[in-house]
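To keep things clear, I will list the structure first and then write my remarks on it.
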Amino acid sequence: MESPQRICVAEMKPLHWDAINPFTGKPFTFDDPNLRWGDPAYYLEPGDPGFVPYDTPAPVRPKKAGKPFRRKLKPTDKNPNQPTRKMSTFQYNVAPNSNGGFTTRPVLGTAADTTALLAAIGASAGVEPAQAEAVLRAFFAKVLACAGGCEWSPNFLDLVTFRPTSGGSKPLPDDFHSAEDIKAGAAIAFLATVIDGWRAGLTLESLGEVGKVTPEIETVIRQSDLAVDKYTAGGMIQVRGDHLKFDPADATQGVFFQPSTGPAVRATDYAAIQPQSVIVLVPAGLTGPLTVKVATYINGSVRSDTYTNQLTTP
């Protein structure tokens, strides 16, 4: 029997041909009236238009109550007087991986308030919030200055590493003439030992499996200069991610741009539409910061994802 290796169920979970139909308790058959072939393929559930009831009821499995995984905090030394660090709860969802199997996604909480954050930092360091802000600004300015001279640190205060970065893409070796051409930048990252210690102090809590596959926007790149999170009205951008393929003829699907004020504007001109990349022309007349959303039709419904970063002009 020639057909795709997998079909996606109504919740878009990967399903092998030898899998059991949850509504009959028996293997799926090619002539099952509830199978729908396409990209992706799926099967209907009770309540879906066109669903044909089965004669054999599905076996009922009792649901197990999810419990958060908890790990005791390990002391960093043998000193019994050492203060105990406050454990944090790291919440996450389990979701299907486009390459097979499953992955996890952090559940984002409330965005940190700058004023409250500076106050907490100042209190921890024993200084005023204004002093904490001044020191932090001086630190980041110095890191950029060091990167500008190609200075770097493999271990700063046993906490972070920082270094200059570059990239860019040109047809010829002699085509790089500016810092923008080489995409000069600076990167700061926590040391692996710091991350290991941080992980040891976390309590993990799974909020369950995310059953539906939705489009995922990972990054947006302006095509004229490969600048990230930038756009030019009337110019092309590339939206990268997963599950991005849609029908441009359907007005409910596509790439939408939301200005700071006014209604969202749907793009109508696309150069390429692929599952992991969409190249789209930004509608003319748009100005100011833009929020990007991609809407796709998956398993009987239109699902969308909004990019977390706003696009800006130079």
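If the condition is being over 29 Å from GLY168 (Cβ atoms) and not basic (Lys, Arg), then segment 210-242 contributes VAL210, GLY211, VAL213, THR214.
Each residue in segment 129-161 was checked for being touching a Ser or Thr at 6+ places or on another chain (Cβ under 8 Å) and of a type in the set (D, E, K, R), and 1 of them qualify. Checking each residue in segment 224-264 for being over 18 Å from THR291 (Cβ atoms) and of a type in the set (A, V, I, L, M) picks out LEU226, MET236, ALA249, ALA251.
For segment 7-51, what are the residues that are assigned to a strand (DSSP E or B) and modelled with pLDDT of 60 or more? Passing the criteria: ILE20, PRO27, LEU35, ARG36, TYR42, TYR43. Taken together, THR214, THR203 contain a single residue that is within 19 Å of the chain's Cα centre (by Cα), of a type outside the set (Gly, Ala, Ser) and under 19 Å from THR104 (Cα atoms), which is THR214. Listed by position, the strands (runs of 3 or more DSSP E) enclosed by segment 191-297 that each have at least 3 residues that are modelled with pLDDT of 90 or more, outside the structural domain of VAL107 (by TED's automatic domain parsing) and surrounded by fewer than 15 Cβ atoms within 10 Å (Cβ to Cβ) are 270-274. The set of residues in segment 305-314 being in a strand (DSSP E or B) and surrounded by fewer than 15 Cβ atoms within 10 Å (Cβ to Cβ) consists of THR306, THR312. Taken over segment 140-160, the criterion of being loosely packed, with under 12 Cβ neighbours inside 10 Å and within 23 Å of GLY197 (Cβ to Cβ) is satisfied by PRO154, ASN155, LEU157, ASP158, LEU159.
Suppose we keep only residues that are among the aliphatic types (A, V, I, L, M) and assigned to a loop (DSSP other than H, G, I, E, B) within segment 151-190. Which one would you say is farthest from SER88 (Cα to Cα)? Before you say what the answer is, go through the steps one by one.
Step one: of segment 151-190, the residues among the aliphatic types (A, V, I, L, M) are 157, 159-160, 172, 179, 182, 184, 186-189.
Retained after the next criterion (residues that are assigned to a loop (DSSP other than H, G, I, E, B)): 157, 159, 172, 179, 182, 184.
Values: LEU157: 23, LEU159: 19, LEU172: 50, ALA179: 40, ILE182: 40, ALA184: 36 Å.
Going through the qualifying residues, I end up with LEU172.
Applying the criterion of being touching a Phe, Trp or Tyr at 6+ places or on another chain (Cβ under 9 Å) and of a type in the set (Val, Ile, Thr) to the residues of segment 154-185, the residue that is modelled with the lowest pLDDT is ILE182.
The values are calculated or read from the model by the stated rules, or taken from the named source; none is laboratory data. These numbers were taken from a predicted model, which means no experiment stands behind them. With ideal geometry, Cβ positions are generated from the backbone for all residues, glycine too; neighbour counts draw on all protein chains shown.
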